[in-house]
Amino acid sequence: MQRVALIDYGSGNLRSAEKALVRAAEGRAEIVVTHDPDVVAVADRVVLPGVGAFAACMSALEARAGVIEAMTEAVRGRGAPFLGICVGMQLMASRGHEFGVTEGWRESTAISFVKLVLHPLAVWSLAYLLRLPPLETRAVVLLASLPVGANVYLMAREFNSLPGPVAASLVLSCAAAAVTTPLVLVMMTG
């Protein structure tokens, strides 16, 4: 019978993960809740659950002597399948950015201002210069007044360029768009 090591490092959803694994295994695997490096190192499969902030979970995992090394041996060394649940998957990254970027509000405000104010004005100016009909002008200006899109966030993450400020600008521009988009609509119809 295969043995699944469910890593216990004091983070969140351990009991729920255990119940789900027991049910999914249907008696074909033994689910062992453990923080014993010797058990983890020889496990057939490794599951790392987690709930909370990256830094707190990583500190708790590091506090379990030898567990990270045992997981590395099982997964990288022997090729044991690995399942990270929530923060458990994030912990496999080389570093975490959660709560680490605090200086981003100035950039976030600037990104949001450009997207919600300057972008619609630029699009309106271009539509005016191109002499677009009124309906098309309203449509393109309204589209330009929408909040920052997820594509900007994905690009920032991919190229590691201002990921914190861009993520914050998503939130900020969505909140501000609740005011600016109707305002653009009123200005365009009046």
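Any read-out appearing in this document is the output of simple, stated calculations on the displayed coordinates, not a laboratory observation. Predicted, not measured: the structure shown is a model, and the values here were computed from it. Heads up, the Cβs are rebuilt from the backbone with ideal geometry, glycines too, and the neighbour counts pull from every protein chain shown.
Which percent of Cα-Cα pairs in segment 1-89 sits in each 5 Å bin, short to long?
Over segment 1-89, the share of Cα pairs per 5 Å bin runs 3, 16, 27, 27, 19, 7, 1, 0 percent.
Within segment 1-95, list the GluC sites (Glu not before Pro) lying in a DSSP loop whose Cβ has at most 10 other Cβ atoms in a 10 Å radius. Don't skip to the answer; put the middle values down first.
Working: sites: Glu18, Glu26, Glu30, Glu62, Glu69, Glu73; in loops: Glu26.
Within segment 1-95, the qualifying GluC sites (Glu not before Pro) (loop, at most 10 other Cβ atoms within 10 Å) are Glu26.
List the residues, sorted by chain then number, that are 5 or more residues from Gly50 or on another chain and whose placed amide H is less than 5 Å from its amide H.
Hits under the 5 Å cutoff: Asn13, Ile85, Val87, Gly88.
Quick check: pseudo-label points 7 Å beyond the Cα along Cα→Cβ at Leu143 and Ser125, how many nm apart are they?
2.0
Using the Karplus curve 6.51 cos²θ - 1.76 cosθ + 1.60 with θ = phi - 60°, what ³J(HN,Hα) values do you get for each residue of segment 166-183, in whole Hz, with x for Gly and Pro?
My calculation for segment 166-183 gives 5, 4, 5, 5, 4, 5, 4, 6, 5, 5, 5, 5, 4, 9, 6, 5, x, 5 Hz in order.
When Lys and Arg each count +1 and Asp and Glu each count -1, what net charge do the other residues less than 13 Å away from Glu18, Cβ to Cβ, add up to?
After counting each charged neighbour, the total is +1.
Using 0.36 nm times the number of residues separating Leu183 and Glu73, minus their current alpha carbon distance, what extension gain do you get? Don't jump to the answer; show the numbers that get you there.
Working: separation 110, 0.36 × 110 = 39.60 nm, distance 5.83 nm.
Net length gain for the segment: 33.8 nm.
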